[in-house]
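Contents: one structure, followed by commentary.
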Amino acid sequence: VYVCVYVSLCFVGKTPQKHSLTFTQRIAAIADTLEEGLQRSFVQAITSHDLLSLKQCLRTYAIIDRVGDAEVLFRHSVVQLFMQQVGAVRPAGKKEKEAGAVEMKKKKKEE
């Protein structure tokens, strides 16, 4: 699926939103799309206890040198939810969720 998105955006020359994006912007859009899909797959693999998918996601994070992103995502999507269930932490509001996203972006910029 991700390869098809890449091929359609790079070789066909069509983008979902705008046709006037630069090459760098197109690559960034592709990277964002792939990252969002990887995040969804990672969380789904954890919640469904799918070890094969989880291994694939973790290997992918390692290959693209984004293990820190996987750690942050795990902390925000799994640990925080568990802590809320046991009553140790109040539910994350919009600001906390945005702070988590900002934290992931900062890690990317540092690399």
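At-a-glance table
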item	result
LEU21-VAL86 pseudo-label distance in nm [points 7 Å out on the Cα-to-Cβ vector]	4.2 nm
Highest to lowest packing among 26-32, 55-61, scored as the average C-beta count within 10 Å	55-61, 26-32
Linear extension gain, SER48 paired with VAL78, 0.36 nm per residue minus alpha-carbon span	9.6 nm
Length gained when the stretch GLU35-LEU58 is fully extended (0.36 nm per residue, less Cα-Cα span)	7.0 nm
Phi-based couplings in Hz for the stretch 75-86 (Karplus 6.51, -1.76, 1.60; Gly and Pro marked x)	4, 7, 9, 10, 4, 5, 5, 4, 5, 5, 5, 8
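Only the coordinates and a few stated rules stand behind these numbers; no lab work does. The model shown is predicted, which means the values in this text are computed figures rather than measured ones. So basically every Cβ, Gly included, is an ideal-geometry build from the backbone, and we count neighbours across all protein chains shown.
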